[in-house]
Amino acid sequence: MLPDCLSAEGERRCRRLLAGATARLRARPAAAAVLVPLCSLRGVPALLYTLRSSRLPGRHKGDVSFPGGKCDPADRDVVHTALRETREEVGLVVPEEHVWGVLRPVHDQQKTTVVPVLAGVGPLDPQSLRPNPDEVDEVFALPLAHLLQEQNQGYTHFCHGGHFRYTLPVFLHGPHRIWGLTAVITEFTLQLLAPGVYHPCLASPELPRG
């Protein structure tokens, strides 16, 4: 059974579990941060995602992502970065007191550290948001119940030069495929929100650091 992670008790549990990492990571500089928005979609818990604009430069254009981006020198910490980028990308203003905590950082192939920030944003209709068309093509939400169904979960094996490198999770059968770092952060989030319900096959779903 899916736990009531939108309840006050569920929020307190998550805040308590994340408290130590949150204090430590807020005091440490990072290259980038993303917001993991936990919302209520027609009364059911869901995660909010963006589809990066196909007009953006780089290899990740058109990919599913959480709102976020590079840390600005004027940002106080990674939480401020995640909230600012969310406001700029999708027009969603999230008060800092709605932040539950900071999840385990992830690292891309360039060893860039990306810090995920979990926040409860309440009832939300993604169609009511006004994303920045220069950065985002679409905003959508997926219920946790969908993400937790085994038929919607998979794994992608990455190779380089004909040799196996690493395996990462992938989430399927939504409007768009969720893979890469976004899938890793989704997996971290499900482990926190639905302990005993979500059972990842990987012991440590994180990109190698070298």
- line: Taking the square root of 5λ for each eigenvalue of the C-alpha gyration tensor of the chain, the equivalent ellipsoid has semi-axes, largest first and in whole angstrom, of 23, 21, 19
- request: Could you provide, to the nearest whole Å², the per residue accessible area of the chain with probe 1.4 Å?
  value: 50
message: Can you tell me how segment 66-107 classifies by the Cα gyration tensor, rounded, prolate or oblate, using a/c under 1.5 as the rounded cut?
response: rounded
query: With each label point set 7 Å from Cα along the Cα-Cβ vector, what nm distance links R28 and H157?
result: 3.2
Column: log10 I(q)/I(0), Debye, Cα scatterers of segment 72-197, q = 0.18, 0.21 Å⁻¹: -1.24, -1.54
field: Pairwise FRET efficiency - V197 versus Q110, Cβ, R0 = 30 Å, nearest 0.05
entry: 0.35
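Determine the share of the chain's accessible area contributed by carbon and sulfur atoms, expressed in whole percent, with a 1.4 angstrom probe.
53
At a threshold of 8 angstrom on Cα-Cα distance, excluding pairs fewer than six apart, so keeping six or more, what relative contact order does the chain reach in percent?
Normalised by residue count, the contact order of the chain is 24 percent.
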- prompt: Just for the chain, what percent of DSSP beta bridges are antiparallel, to the closest 5?
  reply: 75
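How much length is gained if the chain between L129 and A145 is pulled fully straight, taking 0.36 nm per residue apart and subtracting their Cα-Cα distance, in nm to one decimal?
Computed gain between L129 and A145 is 3.5 nm.
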field: Label-point separation, R76 to R15 (7 Å along Cα→Cβ), nm
entry: 1.6
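In the chain, once you exclude exposed trypsin sites (Lys or Arg not before Pro) (DSSP loop, at most 16 other Cβ within 10 angstrom), what's the longest stretch remaining?
112-176
The values are calculated or read from the model by the stated rules, or taken from the named source; none is laboratory data. Since we're looking at a predicted model, the values are computed, not measured. Please note: Cβ atoms are built from the backbone with ideal geometry, for glycine as well, and neighbour counts cover all protein chains shown. The protein model used for the area step is the full one, side chains on, heavy atoms only, and it has no ligands, DNA or RNA in it. Shrake-Rupley method; radii C 1.70, N 1.55, O 1.52, S 1.80 Å.
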